[in-house]
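The values are calculated or read from the model by the stated rules, or taken from the named source; none is laboratory data. The shown structure was predicted, so the numbers you read here are calculated from the model rather than taken from an experiment. All Cβ positions, glycine included, derive from the backbone under ideal geometry; neighbour counts span all protein chains shown. Heavy atoms of the whole protein, side chains included, go into the accessibility calculation; ligands, DNA and RNA do not. Shrake-Rupley method; radii C 1.70, N 1.55, O 1.52, S 1.80 Å.
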Amino acid sequence: MPRTTEGNLIALTQLLEGNPVATFVIDAEHRVTHWNRACEVLTGVSAGEMIGCKEQWRAFYAEPRPVLADLIVDQAVDVAIATFYDSKFKRSELIEGGWEAEDFFPAFGDNGRWLYFTAAAIRNANHEIIGAIETLQDVTARKQAEAALHDSTAFLTQIIDGSSVATLVINADHRVTHWNHACEVLTGMVASNVIGTDNHWKAFYARQRSIMADLVLDGAGDVDVGRLYHGRYRPSALVQGGYEAEDFFPHFGDGGRWLFFTAAPLRNAAGDIVGAIETLQDVTERRRAEEALRESEERYRTLSLTDSLTGLFNSRHLHDCIVAEAQRTQRYGRPLSLLVLDCDNFKRINDSFGHLEGDRVLKALADVIRHCLRRSDSGFRYGGEEFVILMPETAWSSALSLAERLRSVFGSQVIQTAAGEEIRCTVSIGVAEWMAGDSEKSIIQRADAACYRAKERGKNCVVVAKPSD
C-alpha cells in the first residue's frame, strides 16, 4: 500500500534526527518544520524554539535577514544571493537549483566558527517548490589549518626572499615555487619568468639538463650525480640525501663565475620527498685568490730551486736529486751518470768583455744544455761557470754521447755582445758513472777530476772518469 503523508513525515523526521550533519527544513511559508539534534548542538538553539516559527535567522545572525534556505524558497537569483553572501557562494555541482557557501559566524563558540552550508529546494509531484532543506558543517578546523598553511608558506617565502644567499625551491613536479631576489641578481633571471615552470636549468646551462636540486628530488645516487658533476661534488655532511658542489659557469658575468651550491630534499610529515631546495654562492673571488696563492707558491718554489741567471736548477736542488736518484740506483741496480761542465777561458771573457757579457755566455750555455737534455735528465748550475747534468738510467757510454753533442753544439755558437762583438767559447766536460761505494760527494769529485783532465788536454773535450778517480 502507498505510504501515507503522515508516514512520510515521520520517516523524514527520523531520517533527519539520525543525521549527524546539522540540518533544518522550512516550508513554502518559511516556517521551520525540522531542526535536528545536530543543528541544536551546532547553533545552541533548541528545536522547540525554532519549529513553527519564521525566525531561523536568530540562530545565525544578530539582525533579521534571510538564510540560504529562505533564498531558495524565494527562488532568488544570483544577484540576490550575492547581496548576502558576496563571493562566498556558488551553485551546487550535485543538486540542480541548489547552492553552497562558506562563511564565518562570529557569534558561534568562543571565537566564532566557520560553517560550510548547502541549501536545496524541496518540490512536490508537480515540481513546485514547497520548501527547502539546509545543511551546515563546522569547517573551522580546516579553515584554521588552511590559514596556518598559508601563514607558514608566507613565512617560508619571507625567509627565502629575505636571505642574501641565492635560493630556489622546486616541488615534486620539478616546478619552481620560490626564486628569491638574490637568485635573480645572481642568475639575471627574474622570478616571474621562472616560478611555476620547469625551466630553471636555463639560468645555469646552455642546454636542458638537471640541476642539483632535480637530482636530489629524484633521489639520485653518487653515480648519477657524478655523471654531471665529474668529481666536483660530495655528499652533504649536514643533510641526509643532500649534496654540495663547486663548479665554473662560463656565461655568468664577465668571464664566468665559480659557484658553490648545495641541494637538499624537502620532506612531508610522512618523510616522503616532496621537493628540493638549492642554494648558490658566488665564490669566484675566493677561487681567484686561491689560484693566485698557488701560482705564487709555485713561483716561490721554482725560484727556490732554480738559478736566477740561467733558469737551470741550483746546487741546493742538485743535492736532493742526487740523493733520490742514488737511492733508486742502489735499490734497483740501474745505471746513473753525471756530467760536470766548465766554460773554457771564462775569466778571460769576463776580463775582456765585462761580467755582463760573461753572464750572456753562461745563459747561452744553459740554453744549449736545455736543448740537449733528454726528458729524464736534469741540468744544474753548480757555481760560477761550472754546470752539472744528472742522467738517470744512463751508463757512461750514453752519457759520453750526450756530452760530445753538447760540446759540439756549444762550440759552434757565436754569441753577440751588446756592442755587436762576437764571442766564441768552448766547454770542457767530465763524465762519471755511479759505482758501488759512491756518494753524492764522490761522484761529483770524480766527474770534476775528469773535467780538470779535459782542460789539461787542451780544453774543448770530454773525459770519462776512471774507477780509481
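Key figures for this structure:
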{"quantity": "In sequence order, calculated HN-Hα J values of the range 331-343 (Karplus, 6.51, -1.76, 1.60; Hz; x Gly/Pro)", "calculated": "6, 10, x, 8, x, 8, 10, 9, 10, 10, 10, 9, 5"}
{"quantity": "Sum of side-chain charges, Ile130 neighbourhood, beta-carbon under 11 Å (Lys, Arg +1; Asp, Glu -1)", "calculated": "-2"}
{"quantity": "Over the chain, relative contact order from alpha-carbon pairs under 8 Å, at least 6 apart, %", "calculated": "8"}
{"quantity": "Where the chain is the region considered: accessible area per residue in Å², 1.4 Å probe", "calculated": "55"}
{"quantity": "Residue-wise HN-Hα coupling along the range 105-111, computed from phi with Karplus coefficients 6.51, -1.76, 1.60 (Hz; x: Gly, Pro)", "calculated": "10, x, 7, 7, x, 6, 10"}
{"quantity": "Structure-derived semi-axes √(5λ) of the Cα gyration tensor in Å: which label, when the choices are (1) 36, 26, 22; (2) 42, 26, 22; (3) 104, 22, 16", "calculated": "(3)"}
{"quantity": "Exceeding the 32 Å Cα-Cα cut-off - candidates Lys143/Lys202; Lys347/Lys466; Lys347/Lys441", "calculated": "Lys143/Lys202"}
{"quantity": "Cβ-placed point charges (K, R +1; D, E -1), dipole of the chain about Cα centre in debye, nearest 20", "calculated": "2940"}
{"quantity": "Coordinate range along principal axes, alpha carbons of the range 203-280, Å, largest first", "calculated": "45, 22, 22"}
{"quantity": "In Hz, Karplus ³J(HN,Hα) per residue of the range 384-395 (6.51, -1.76, 1.60; θ = phi - 60°; x = Gly, Pro)", "calculated": "x, 9, 9, 10, 10, 10, 9, 10, x, 6, 9, 7"}
{"quantity": "The chain - mean residue ellipticity at 222 nm from DSSP helices (-39,500 (n - 2.57) per run, n ≥ 4, rounded to 500)", "calculated": "-12000 deg cm²/dmol"}
{"quantity": "Over the range 282-398, relative contact order from alpha-carbon pairs under 8 Å, at least 6 apart, %", "calculated": "32"}
{"quantity": "Average Cα contact separation per residue, the range 50-106, under 8 Å, 6 or more apart, as relative contact order %", "calculated": "22"}
